[in-house]
Structures are given as structure tokens and as C-alpha cells.
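The values are calculated or read from the model by the stated rules, or taken from the named source; none is laboratory data. These numbers were taken from a predicted model, which means no experiment stands behind them. Glycine gets a Cβ as well: all are built from the backbone with ideal geometry, and neighbour counts include every protein chain shown. For the accessible areas, the whole protein counts, side chains as well, though only heavy atoms, and no ligand, DNA or RNA atoms are used. Shrake-Rupley method; radii C 1.70, N 1.55, O 1.52, S 1.80 Å.
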Protein chains: 2
Amino acid sequence: MIIFNKIDEIKLYLRKQQNAGQTIGFVPTMGYLHEGHQSLIRKAAEENDITVVSIFVNPTQFGPSEDLAKYPRDLKRDEIKAKEAGAHIIFHPDDKEMYPEGYKTYIEVEELSDVLCGASRKGHFKGVATVVAKLFNIVHPDKAYFGQKDAQQALVIKQMVKDLNMDTEIVVCPIIREEDGLAKSSRNVYLSEDERKRSLVLSKSLRRAQELIEQGITDAKIIRSEIVGMIEKENVIIDYVEIVSADTLKQVDKIEGKILIALAVKVGNTRLIDNIILER
Amino acid sequence: MIIFNKIDEIKLYLRKQQNAGQTIGFVPTMGYLHEGHQSLIRKAAEENDITVVSIFVNPTQFGPSEDLAKYPRDLKRDEIKAKEAGAHIIFHPDDKEMYPEGYKTYIEVEELSDVLCGASRKGHFKGVATVVAKLFNIVHPDKAYFGQKDAQQALVIKQMVKDLNMDTEIVVCPIIREEDGLAKSSRNVYLSEDERKRSLVLSKSLRRAQELIEQGITDAKIIRSEIVGMIEKENVIIDYVEIVSADTLKQVDKIEGKILIALAVKVGNTRLIDNIILER
């Protein structure tokens, strides 16, 4: 496995491979890799000649009061996990390499960026769209892999790629969960034992919502209050619980077509998200 | 010469050429080509295997009260002028092709976009940056050619390409003028005979500024009031007359290093710009 820190060097290397006809699969990450990331890397390695994983804790997608400084980092561990899953190349630039002095350009995907996580994390998706566009321009991937856990992120990136006429195909892969149902996340390491237990209500409430919908309940208000009730019982603070169209992220009153139930909470100091896509 | 209207079709064609090792020079225009554009096309044809000219009057760079609807268009004439200058391919999409329903993504080059023309034309450079990024993603040019007449545009594009790690080299070519000094512009056709004469004050005042600087005057205020005085005498309405650093577009007090003297005026209903770059 080769590790690149410099944009010019990885560009030069990958362009040579591409000119020789090699296809490139790309998994952009913020590191501290878990089985969710590994499932993306495995899929990329299956579908492409060369698999590139980027590890970059992107400062422009963190708000001033968020956990940028303490976001977990462990490059040695990441190297092992990436290699294990089939990665050939790690791209691990530092902040100065990605945002040199005088940096000025940002990408905004309007509407999709202002709701759900974008409402409470102002500028978050602007940072995400910008860094992903930069990474795509560096790597020129044929396919890039994103987790369904960040449902809104996947939608924002898909929209950007379509709007800006980029050549990369976006592949969205299922949420990987712990055995007890908690969605895998680098932030799970922040949780105390008690918080870890209370966090189970996220996936439980989504499964309960699914049950209710399968039983024929179509009123989004009823579904939403069931979820809210379950979460509040666990003393978990709700950021949002939203039932929206899975394509437009606009709120729906009736469960119909392809819908996304998405939630974000704070368990202690840790922000967790989870979601489910249902079709009816 | 081949004319493409569809993004997918020109992409497919150009990718084949690129895979076969052909280099691509690109001249993005809003059509109504004049000798300024032709000088860019000629340069592109000299330096690349294939020269692509886009003709697209980009709605997102016009303000609501600007001249989008009446902007001059003449594709047949443009085809002849482009071919004459050495173009191989014209890309001429319609609005729906470039901004289909549900379009949401915009690129902002901060700071550089808010001054000079960006101060009076809100959102103009957001539209410019966005459409140029789209065109670059469609064409994948090795080199793209812009006129120095739109000095701020050239700077905004250069910054975007650098920030977003795009592979295209930006080549900025000198202003082409009429024999009497008026900078060539598609908008010159709007001018009445009398307005055409009064417009000469733009280039004259810039030449006068250059003289004064060559005589050793370094106080930007003095230079600026000389220009303003000359323009006002011609009954021409000033939007701005600015003396700024040619790299940062920040105002300077003293003529030192590489400076840009840029001006925008209204002659009757027609907005005209001109500029000069000086080094001291």
C-alpha cells in the first residue's frame, strides 16, 4: 500500500495509472476507520482496479463549537484497516495542503444543505461539498463510495456531481451496525457505557417506525411522535426527527413513495445520527 | 467543424480524443464573437491539438435587471468566426441542458468576487465560476483561454482552478482594441455613433494614467482623480474606477508592484469595462 501526503504526487501517480487504463474506486473518509468504512473499501476493491482511501479530517465541515480538535485520529490503525479491506492507496494530506493560505473557493448545494443536519450544523455541507469536489479533482475516480448512514451527505454529493457534470459515479452502501443495532460511527468511541446503552434507542425507534408503517400507518405525525416518545424516554436530547422525501428532503405528511426517516440526537456530549429509507 | 448541443455527446467525443493522446484547448464564450475571442481561439489552436469553443449566454451570471434577453446572439456568424480562427469544435448547449430543472449547485470564490464588477453585479462571479467549472468538467481542457479585458473574471477563474485542484492551465491573453483604442466587446454593438465616440475616454484615461505613472506619480488618489475627471467630462456615468493590487484586487494607496487599474462605466444604457495592468 502506498501513502501519499502531497496532491501533486498522488495526481501524477494516478494519472499514469489511468492513462494505462486502470479504473479507480475512491472512498473519502475522515479516518478512524470502522467496519462501515471497510464495507465501502471492500466494495470499491471489488469493482475497480485501484482503490484509493482518503483520510482527512476536513476542518471546513466542522462548526466553531464542534469536535474538530478532539475528533479521533489513528493513522497506523487506519492503514491496517484500509489494507485489510483491500485499499491500494491512502491519501492523507494535512490542512495546509488542502487549504493553503489565501484559499477562497466554496461549493454550495442549495436547498439540500439547509435542512436536517444542515439546519443545526451551519456550513457543514458547504465544507463537505467543497472537500469532496477537491478530492474528486485530485483522484478522478470512476466510482466513489459513500455510506447510507450519512444519507443527506450522499444526496448532496450526488446532486453536486450531477449539477457540475462530474464524471464520477456515486455508489451509496448500506449502514453497517453493531450486533445490537447501533450504527457504526467513529464518534461511538466517545460514548460511556451508560450512554452506549441509551444510544440503542436510535435504531430501535427506527425499527419501530418501520413496523408501524408495515402495519399500515401512513400518517407521518403519528410515526414521528412514536419515535420522539421512545427517544425522550431514554433521556436523549433530540436535534431532529424528520420524515422526508428520500429524493428532495422535503417533509412529507403521508408515508408514500420513497421516504427517509432521519434523526440526530445528543447522547451526553456525543452527536449521533441514524436513518432508514422505506418505500411504500 | 463539429457542433455539439448535448453534454453527453461532446463528453463522449472528447474523451475518445483525449484517450488517443490529443490535447485540448478551450475558449469559453457567450458568443457574438469578435477579434478578442478570435485571438484566444488562435492562441488555443496554436498550442493544442483540438480547439473547443463554447457559445453559451449563461443566465446565472446576469442580474435580474441586466441585458440577458437582449444580449446579442448570432450562431451562424459565430461559426464562421470560430472556424476562421482555427476552432475544431463548437459546444452550444441550451439553458435546460446546462441548468436542468432542480439545479442546485453554485461555486463562490470569496473576496475576489465581491469587489469591482462583483460589487455592482451581485452574484455575477458566482454564475461565472459555476458555469466555467461545469464547462471544464465537460471539456476537460488542458488549457483554457481568457481575455485580460475581463481581468477580474480571469483572476476568479485562476483562483477557483487552484483551490479546487482542477487540472486546467489558465492562459490570459491581452486586450484586443479597435484602431482608435476602444476595447473589443460584444456589447459595443449597443452603442450609438455619439456614444461610440464618448466611449473612447475609457482607453484614453487609462493611457493618461499610465503616462502619469511613468512620469513618476505614485499617489493612487491623484491617478484616480485624473481618470475620473476625464470620464466625467464626457458625460459618461462611472460605476467604478479602482486602482488595486493585480493579485488580490485590494485597493492600493501607492503605485507599487503589479497593479490593476480597472474601470466600469455606463455610456447611455451600455455597460463597458476596460483596464490596464502596470508594474512598477
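Only one of the listed residues (A:171, A:201) is in contact (Cβ under 8 Å) with a residue 12 or more places away in the chain and over 28 Å from residue A:47 (Cβ atoms). That residue is A:201. Of all residues in the range A:247-258, those that are in contact with a helix residue (DSSP H, G or I) (Cβ under 8 Å, 6 or more places away or on another chain) and not basic (Lys, Arg) total 6. If you go through the range A:159-174 and keep only what is within 11 Å of another protein chain (Cβ to nearest Cβ) and under 27 Å from residue A:5 (Cα atoms), you end up with A:160, A:161, A:164, A:166, A:167, A:168. Selection of the range B:60-81 for residues being surrounded by 14 or more Cβ atoms within 10 Å (Cβ to Cβ), under 25 Å from residue B:121 (Cα atoms) and not acidic (Asp, Glu) yields B:60, B:61, B:62, B:68, B:71, B:72. Total residues in the range B:225-235 satisfying the condition of being in contact (Cβ under 8 Å) with a residue 12 or more places away in the chain and open to solvent by 10 Å² or more (accessible area, probe 1.4 Å): the figure is 6. Filtering the range A:82-123 down to residues that are outside any loop (DSSP other than H, G, I, E, B) and within 12 Å of chain B (Cβ to nearest Cβ), which residue is surrounded by the most Cβ atoms within 10 Å (Cβ to Cβ)? Ranking the qualifying residues of the range A:82-123, first place goes to A:107. Scanning the range A:111-149 for residues that are in contact with a Cys (Cβ under 9 Å, 6 or more places away or on another chain) and farther than 19 Å from residue A:90 by Cα yields A:124, A:125, A:148.
In the range A:124-145, the residue that is nearest to the chain's Cα centre (by Cα) out of those that are closer than 18 Å to residue A:49 by Cα and either open to solvent by 20 Å² or more (accessible area, probe 1.4 Å) or more than 10 Å from chain B (Cβ to nearest Cβ) (or both) is A:145. The set of residues in the range B:183-224 being under 20 Å from the mean Cα position of the chain (by Cα) and open to solvent by 50 Å² or more (accessible area, probe 1.4 Å) consists of B:189, B:190. Residues in the range A:45-55 that are open to solvent by 50 Å² or more (accessible area, probe 1.4 Å) and in a helix (DSSP H, G or I) were compared, and the one that is farthest from the other protein chains (Cβ to nearest Cβ) is A:46. Please specify each residue of the range A:8-44 satisfying the condition of being part of a helix (DSSP H, G or I) and surrounded by fewer than 19 Cβ atoms within 10 Å (Cβ to Cβ). A:8, A:9, A:11, A:12, A:13, A:15, A:16, A:17, A:18, A:19, A:35, listed by residue number.
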